[in-house]
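These notes concern the structure reproduced below.
The values are calculated or read from the model by the stated rules, or taken from the named source; none is laboratory data. In this text, all values refer to a predicted model and were calculated from it rather than measured experimentally. Neighbour counts are summed over all protein chains in view; Cβ atoms, including those assigned to glycine, are modelled from backbone coordinates with ideal geometry.
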Amino acid sequence: MASNGNGEFTFANGNGTAAVANGNGAARNGLAKIQTQKKGNGMCHDDSTPPVKAQTIDELHSLQKKKSAPTTPIKGTQGGAFAITLSEVERQKQQLQSISASLASLTRETGPKVVRGDPAKQSETPKVSSHVSHHHHFTPTISVSDSALKFTHVLYNLSPAELYEQAIKYEKGSFITSTGALATLSGAKTGRSPRDKRVVKDDTTEDELWWGRGSPNIEMDEHTFMVNRERAVDYLNSLDKVFVNDQFLNWDPENRIKVRIVSARAYHSLFMHNMCIRPTPEELENFGTPDFTIYNAGQFPCNRYTHYMTSSTSIDLNLARREMVILGTMYAGEMKKGLFSVMHYLMPKRQILSLHSGCNMGKDGDVALFFGLSGTGKTTLSTDHNRYLIGDDEHCWTENGVSNIEGGCYAKCIDLSREKEPDIWNAIKFGAVLENIVFDEHTREVDYSDKSVTENTRAAYAIEYIPNAKIPCVGPHPKNVILLACDAFGVLPPVSKLNLAQTMYHFISGYTALVAGTEDGIKEPTATFSACFGAAFIMLHPTKYAAMLADKMLRHGATGWLVNTGWSGGSYGSGKRIKLPYTRKIIDAIHDGSLLNAKYKKTEVFGLEIPTEVEGVPSEILDPVNTWSDKNAHNETLLKLAGLFKRNFETFTNYKIGKDNKLTEEILAAGPNF
């Protein structure tokens with residue numbers, strides 16, 4: 001087709017000659033005339049737009065994303081946008097210097113060369129680097145190595161969307177579920193490894209920490225820690241890229257802790273993005289040096305020939321250096337609980353009580369703490385649509401009230417359903433991490449009943465995903481302290497009011513009972529004791545936390561309660577589980593204060609004060625002996641459980657609280673008496 005310049009067009013015919021359309025509606029050689037309207041620019045119809053300002057497809061892709069604008073005014077700068085650009089460059093340089101210092105080997109002159117950004121998107125060798133000198137350390141004669149010649153790309157505080165892209169593209173086993181959550185695998189380890197967790201024992205921690213029988217603290221020396229630290233840092237520096245999260249712990253602004261997490265997986269970065277408190281852009285600009293650093297090299301094993309190592313896994317805490325090293329496990333919960341252990345050490349030094357508990361608040365500002373081991377109903381009972389959720393797992397009790405340590409929730413997913421746990425169900429959406437779950441390969445719908453990978457399936461999501469979460473996650477001093485026990489022996493009352501000594505006794509004991517199967521198929525309850533309802537994470541002797549709890553309860557007028565969510569009318573197998581609606585009625589009566597004014601009587605052996613009536617709860621179940629048809633069997637089971645309590649408490653009997661032994665004697669007297 002060609003134009004003759006007069007608004008007419010010609011077409012080549014089958015003979016190679018042209019057929020021209022004339023101005024009379026007919027065309028030569030029988031072709032129909034094409035009507036056109038000539039415009040000033042010579043085009044029939046111009047619906048085009050200006051061409052994109054890109055010379056290559058990469059430039060076009062770069063236009064798709066805009067840079068985040070500075071969020072705070074630049075102090076002491078002039079010159080408009082140019083000054084802001086310089087300040088942004090300076091800020092990034094300081095961030096990189098800080099990260100390089102974190103990744104520095106202590107036996108080399110400098111930290112690694114680091115640069116921001118994904119190496120997959122770099123077209124040439126980066127020109128921005130950061131060297132941090134450590135002149136106060138030994139400098140070897142030959143300071144140049146292969147690792148010193150390469151760049152380590154830093155993916156710094158990525159958003160969930162960016163971390164999704166990294167996980168899906170580079171981490172096998174990462175998928176997006178039908179609700180938008182990121183499904184991932186934690187590798188061979190699907191739970192914590194408490195026997196591989198170690199703490200450096202030095203002149204300070206030898207006297208401060210709880211060591212020996214019953215303690216979760218397994219010792220290691222400074223040298224071994226440094227060997228493992230070097231191994232982790234060398235591994236991370238050998239990678240093309242590392243993920244760095246700078247975040248906070250503790251919603252109380254006066255007592256928050258700055259933490260840095262250096263990891264090799266997008267899964268770990270997104271997990272900690274959810275579980276720690278996310279800084280605002282303004283806070284991130286002035287983050288500075290972290291108070292505590294985690295080196296997560298979990299994909300790389302420790303050296304089993306290293307002193308103190310008993311497997312290829314090691315989780316190491318050095319409280320003097322304020323560092324944690326992870327080798328040989330990719331289970332993300334190690335980071336969460338490792339930081340919780342750190343808070344159990346740092347907070348009591350500030351006279352702040354760290355607690356393994358759930359916490360909620362009523363519309364009138366009344367706060368309740370919920371302590372309980374797995375299976376006691378802590379999450380279920382602390383999540384109440386009529387009350388605000390402050391947090392589900394880790395808290396601090398300060399001079400100002402309570403505050404959540406974390407920025408997210410870490411919920412069990414096994415047998416999760418929309419009907420039983422609607423808040424958790426609805427929170428598993430875009431941004432949430434699902435660990436070790438099983439899903440349909442086509443629809444990506446999750447089967448929460450499937451235990452093919454592990455029974456310990458988990459979801460990690462930001463606390464803002466809970467509709468009735470209180471943001472910021474702080475509240476006034478607690479009014480009630482509720483200790484939950486799932487007593488499968490069936491001899492503890494559904495609810496008991498505790499005096500201060502009894503609260504301390506049962507807090508230190510941390511009792512619940514699990515149902516275990518034997519080889520011949522007979523099932524019987526097994527007592528489980530975990531000091532302070534979280535023995536795996538505490539650093540000091542349990543009585544120190546108990547003394548702090550008693551002091552705060554006394555000063556702020558809090559009442560202690562022991563609530564049994566287990567069996568009634570007999571042990572597991574003969575009795576029945578106490579109905580959840582009854583337990584909720586009991587909790588409601590605690591919250592509204594009516595149970596405080598009820599009439600009480602004292603039980604035998606444990607000496608517990610039990611109410612004679614609770615609205616909405618059958619009075620006969622309030623005293624366990626009434627529900628047992630075989631009274632002799634009840635008494636035998638009661639004495640058996642009391643003996644288990646006494647035997648467990650022998651670990652703590654020789655520890656004095658305070659200058660005299662008075663408080664210790666009061667606590668011992670508050671236990672079972674027979």
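Of the residues making up region 328-375, those that are among the basic types (K, R), free of Cβ contacts under 8 Å to residues at least 60 places away in the same chain and part of a loop (DSSP other than H, G, I, E, B) number 1. In region 109-124, the residues that are closer than 15 Å to Y156 by Cα reach residues that are modelled with pLDDT of 85 or more and aliphatic (A, V, I, L, M) with C-beta atoms within less than 6 angstrom, at least six apart or across chains, in these pairs: V114/L96; V114/I99; V114/V154; R116/V154.
Within region 268-327, the residues that satisfy the criterion of being in contact with a Cys (Cβ under 9 Å, 6 or more places away or on another chain) and part of a loop (DSSP other than H, G, I, E, B) are M309, S311, S312, T313. The residues in region 236-275 that are closer than 16 Å to P290 by Cβ, surrounded by fewer than 20 Cβ atoms within 10 Å (Cβ to Cβ) and among the acidic types (D, E) can be counted, and the count is 0. What's the total number of residues in region 597-612 that are buried (at least 17 other Cβ atoms within 10 Å of the Cβ) and in contact (Cβ under 8 Å) with a residue 40 or more places away in the chain? Summing the residues that are buried (at least 17 other Cβ atoms within 10 Å of the Cβ) and in contact (Cβ under 8 Å) with a residue 40 or more places away in the chain in region 597-612 gives 6. Here D221 fits the description: touching a residue at least 24 places away in the same chain (Cβ under 8 Å) and surrounded by fewer than 19 Cβ atoms within 10 Å (Cβ to Cβ). Between N255, N245, N217, N250, the distinction of being modelled with pLDDT of 95 or more, within 23 Å of the chain's Cα centre (by Cα) and at positive phi belongs to N250 only.
Per the listing L163, L155, the residue uniquely in contact with a Lys or Arg (Cβ under 7 Å, 6 or more places away or on another chain), outside the structural domain of M335 (by TED's automatic domain parsing) and not in a loop (DSSP other than H, G, I, E, B) is L155. When restricted to residues that are touching a Pro at 6+ places or on another chain (Cβ under 7 Å) and either in a loop (DSSP other than H, G, I, E, B) or under 18 Å from T565 (Cβ atoms) (or both), region 618-644 contains 4.
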